[in-house]
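J.: Okay, here's the structure, questions in a sec.
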Amino acid sequence: EDKVVQSPLSLVVHEGDTVTLNCSYEVTNFRSLLWYKQEKKAPTFLFMLTSSGIEKKSGRLSSILDKKELFSILNITATQTGDSAVYLCAVEENNTDKLIFGTGTRLQVFP
Amino acid sequence: DTEVTQTPKHLVMGMTNKKSLKCEQHMGHRAMYWYKQKAKKPPELMFVYSYEKLSINESVPSRFSPECPNSSLLNLHLHALQPEDSALYLCASSQDFGALNTGELFFGEGSRLTVL
């Protein structure tokens, strides 16, 4: 069965810390991996990764995919309280066209 | 306009009521989705419409009935729900569906449903 596993489940840090969130997957026919940030409301899109080894960056956030080892990491440097959210990883499966979500990592950043 | 708008934001209904959730987007997206999200869980796919036709029904009980009147609107009709159906219902849209899509879903803010 296809699955996406995120770790850690939750993380508490202080402002200024750097965090690394992990996403591993077992998906029959991989198309892409996506990261979303969900605060109290709708998930908002962060990155889509399709190729191994190519880092995507947006400000203090960056992400990379390893298709050989079947995982991705999301890095956040110099964290701020506004980074507090649940970070969702999702893998798009090529045969079914579905997004398979992980359980999310809940990040709390304290001042 | 890069928004997906959902109404109502909150809905409380009894098990015998009939109500509807509405979703609207004006980005010209051809695929629209309903997801259900329970507390502290990831979104679970319910339905996908592609070009106004139902493409995926994830074995959702018939008390949930989706409708896509046109390419900008998606409804979810609710009838005879159970308390365990209480959840956040998220609508999403994407440029296209499947292999043709960039993969990015735009989510609405959700309709929080409570069934008494």
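J.: Counting only Cα, what are the radius of gyration and maximum Cα-Cα distance Dmax of chain B, in Å?
T.: Gyration radius and largest Cα-Cα distance of chain B: 13.4, 41 Å.
J.: Please average, across the residues of A:36-42, the number of beta carbons from any other chain that are within 10 Å of each residue's own beta carbon, and give a whole number.
T.: Across A:36-42, the average partner-chain Cβ count within 10 Å equals 5.
J.: Along the charge dipole of the protein assembly as shown, Cβ charges K/R +1 and D/E -1, which of B:Leu45, A:Thr81, B:Ser65 sits furthest on the positive end?
T.: B:Ser65
J.: For the stretch B:61-104, compute Rg over Rh where Rg is the Cα radius of gyration and Rh is the Kirkwood radius from the inverse mean 1/r over Cα pairs.
T.: Taking Rh as the inverse mean 1/r over Cα pairs, Rg/Rh reads 1.06.
J.: May I pose another question? Provide the net charge surrounding B:Val115, with neighbours chosen by a C-beta distance below 9 Å and charges set as Lys +1, Arg +1, Asp -1, Glu -1. Before the final figure, lay out the partial values.
T.: Values: positive: none; negative: B:Glu84, B:Asp85.
Value of the local net charge: -2.
J.: What is the sum of charges around A:Asn22, taking Lys and Arg as +1, Asp and Glu as -1, for the other residues whose C-beta is under 12 Å from the C-beta of A:Asn22?
T.: -2
J.: For the stretch B:31-41, just list the computed ³J(HN,Hα) in residue order, Karplus coefficients 6.51, -1.76 and 1.60, θ = phi - 60°, integers in Hz, with x standing in for Gly and Pro.
T.: 10, 9, 9, 10, 10, 10, 10, 8, 4, 6, 10
J.: I would also like to ask the following. Which of the aspartates and glutamates could a cross-linker bridge to B:Lys9, judged by Cα under 17 Å and excluding same-chain residues fewer than eight apart?
T.: A:Glu39, B:Glu24, B:Asp85, B:Glu109
J.: Here's a follow-up. Over the whole of B:29-35, what's the average partner chain Cβ count within 10 Å per residue? Rounded to a whole number, please. It would help to have the intermediate numbers written out before the result.
T.: Numbers: counts 0, 0, 1, 0, 2, 0, 3.
Mean partner shielding for this stretch: 1.
J.: Take the alpha-carbon centre of the stretch B:39-116, take the same for the stretch A:62-80, and report the distance between them in whole Å.
T.: Computed from Cα coordinates, the inter-centre distance equals 29 Å.
J.: Roughly speaking, what % of Cα-Cα pairs in the stretch A:7-51 are separated by over 13 Å, rounded to a whole number?
T.: Result: 71 percent of Cα pairs exceed 13 Å.
J.: Quick check: convex hull of the Cα atoms in chain A, volume per residue, rounded to a whole Å³?
T.: Per residue, the Cα convex hull of chain A comes to 92 Å³.
J.: Over the alpha carbons of the protein assembly as shown, what is the largest minus smallest coordinate on each principal axis, giving the biggest first in Å?
T.: Cα spread of the protein assembly as shown along its principal axes, largest to smallest: 50, 39, 37 Å.
J.: Another question, if that's okay. Residue by residue through the stretch B:3-16, which ³J(HN,Hα) values in whole Hz follow from phi under the Karplus form 6.51 cos²θ - 1.76 cosθ + 1.60 (θ = phi - 60°), with glycine and proline marked x?
T.: For the stretch B:3-16, the Karplus-derived couplings read 10, 10, 9, 10, 9, x, 6, 9, 8, 10, 9, x, 5, 9 Hz, x marking Gly and Pro.
J.: Here's another thing I want to ask about it. To make sure I understand the rule: partners must be lysines, Cα under 18 Å from the Cα of A:Lys98, and not fewer than 8 residues away in the same chain. Which ones qualify?
T.: Partners found: A:Lys3, B:Lys36, B:Lys41, B:Lys53.
FYI, it's all coordinate maths here, none of it is from the lab. For clarity, every value in this text was computed on a predicted model and none was experimentally measured. In this analysis, Cβ positions are derived from the backbone assuming ideal geometry, glycine residues included, and neighbour counts consider all displayed protein chains.
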